[in-house]
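Visitor: First, the structure itself, so that you have it in front of you.
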Amino acid sequence: MRVDTGIRGLDQMLNGGLLPGKVILVSGPAGTGKTTFAMHFVFAGTKKGEHGLFITLEQNKKKMTEDMLSVGMDVKGNRKLTIVGGSMADIMRFQKKVKAKPQDFLDEIEEIVKKNNVKRVVIDSSNLFLMLFKDDEERRNALLSLTEMLSCLGCTAVLTSEVKENTKDLSWYGFEEFVVDGVITLTNDVSYDKYYKNAIAVRKMRGTAHDKSVVEYKITDKGVIVFPESAIKRRM
């Protein structure tokens with residue numbers, strides 16, 4: 001069985017989609033469309049009758065809803081989709097006010113998943129989620145706890161991660177890629193013909209073979225399209 005991503009061309013690279021119960025990191029620098037990719041994944045599930053959970057730490061729900069409409073996804077009023085969160089500053093202020101602990105965040109995710117029988121989960125972004133913890137040891141343990149919890153609950157999950165510009169980093173803190181089951185990278189690449197292109201690569205995917213090519217993708221008013229046939233020679 002496979003869990004389709006809803007992104008034309010990407011499922012072809014993944015031999016039909018993601019394996020159920022896996023946690024996938026979608027990483028890239030600012031402006032590469034990580035949030036749009038992640039919403040595609042959870043939105044595709046709702047169209048099949050599955051409940052989805054999208055946790056945003058990047059922006060408020062109203063702004064994100066407007067942004068998604070511009071790329072062909074009308075998420076407003078979707079009864080199969082639960083969107084929670086807000087800006088990281090708001091969350092940290094609330095956390096301080098009610099003296100909440102980071103573990104409370106994990107407990108809340110578990111509660112929502114169980115209550116709504118959620119099958120697909122997105123956390124946008126993982127680097128902001130991990131900011132809730134005080135050091136790398138706590139962050140790594142938190143990510144391990146999160147991935148194990150989601151897997152045990154039968155969820156397939158996508159975590160987005162910002163990476164620094166002009167680096168070959170796969171994640172923000174440098175350990176996330178070793179904890180998750182798969183890594184998909186997005187970048188503003190430069191091909192040999194000197195034109196800037198958006199490029200995607202499946203860098204890691206436990207338990208399944210996958211296309212290892214670096215290929216072009218575009219974000220259109222009808223969503224994200226990946227072009228598996230357009231292999232870019234330059235390595236990411």
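Visitor: For mean projected area of the Cα convex hull in nm², the choices are (i) 12.3; (ii) 11.5; (iii) 18.2; which was calculated from the structure?
Guide: Only one listed value fits the structure, namely (i).
Visitor: Still on this structure, please answer the following. If you stretched the chain out fully between Asp107 and Arg79, how much longer would it get, using 0.36 nm times the residue separation minus the C-alpha to C-alpha distance?
Guide: Numbers: separation 28, 0.36 × 28 = 10.08 nm, distance 2.25 nm.
Answer, rounded to one decimal: 7.8 nm.
Visitor: Just to confirm a number: summing +1 for Lys and Arg and -1 for Asp and Glu over residues other than Thr56 whose beta-carbon lies under 10 angstrom from that of Thr56, what do you get?
Guide: That sum, taken over residues with Cβ under 10 Å, equals 0.
Visitor: How big is the charge dipole of the chain about its Cα centre, in debye rounded to the nearest 20, if each Lys and Arg gets +1 on its Cβ and each Asp and Glu gets -1 on its Cβ? Write down the numbers at each step before the final one.
Guide: Values: 37 positive and 31 negative charges, 71 e Å.
Rounded to the nearest 20 debye, it is 340 debye.
Visitor: Name the long-range amide H neighbours of Met205: under 5 Å, sequence gap of 5 or more, or other chain; modelled H, no Pro or chain starts.
Guide: Result for Met205 returns Val183.
Visitor: Please arrange Met68, Met131, Met1, Met39 by counting, for each residue, the other beta carbons lying within 10 Å of its beta carbon, fewest first.
Guide: Numbers: Met68 21, Met131 17, Met1 6, Met39 29.
Taking fewest neighbouring Cβ atoms as first place, the list is Met1, Met131, Met68, Met39.
Visitor: A further question follows. Which whole-number percentage describes the relative contact order of the chain, with Cα contacts under 8 Å and a sequence gap of 6 or more? Don't jump to the answer; show the numbers that get you there.
Guide: Numbers: 478 pairs, mean separation 67.7, N = 236.
Answer for the chain is 29 percent.
Visitor: Nearest 0.05, what FRET efficiency do Ser213 and Lys63 give at R0 = 45 Å with Cβ-Cβ as r?
Guide: On the way: r = 34 Å, r/R0 = 0.76.
Here the calculated transfer efficiency is 0.85.
Visitor: Here is a follow-up. Is there a pair in Lys80/Lys114; Lys48/Lys119; Lys22/Lys119; Lys22/Lys168 whose C-alpha atoms are over 20 Å apart, and which pairs would that be?
Guide: Numbers: Lys80/Lys114 14 Å; Lys48/Lys119 11 Å; Lys22/Lys119 11 Å; Lys22/Lys168 24 Å.
Long pairs (Cα-Cα over 20 Å): Lys22/Lys168.
Visitor: Next question, about the same structure. Toward the positive end of the charge dipole of the range 10-186, about the Cα centre and with charges on Cβ (Lys, Arg +1; Asp, Glu -1), which of Pro29, His40, Ile112 goes farthest?
Guide: Farthest towards the positive end: Ile112.
Visitor: Compute the distance in nm between two label points, each set 7 Å from the Cα along the Cα-to-Cβ direction, one at Asn141 and one at Phe227.
Guide: Between Asn141 and Phe227, the simple spin-label model gives 4.8 nm.
Visitor: Quick one: 3J(HN,Hα) in Hz for the range 43-59, Karplus 6.51/-1.76/1.60 with θ = phi - 60°, rounded, Gly and Pro as x.
Guide: Once rounded to whole Hz, the list reads 5, 4, x, 5, 5, 9, x, 8, 7, x, 10, 10, 9, 9, 10, 8, 8.
Each value in this text was obtained by applying a stated rule to the coordinates, not by laboratory testing. Only a predicted model underlies this, so the values are computations on that prediction, with no experimental measurement involved. Cβ coordinates were reconstructed from backbone atoms using ideal geometry, including for glycine residues, and neighbour counts include every protein chain displayed.
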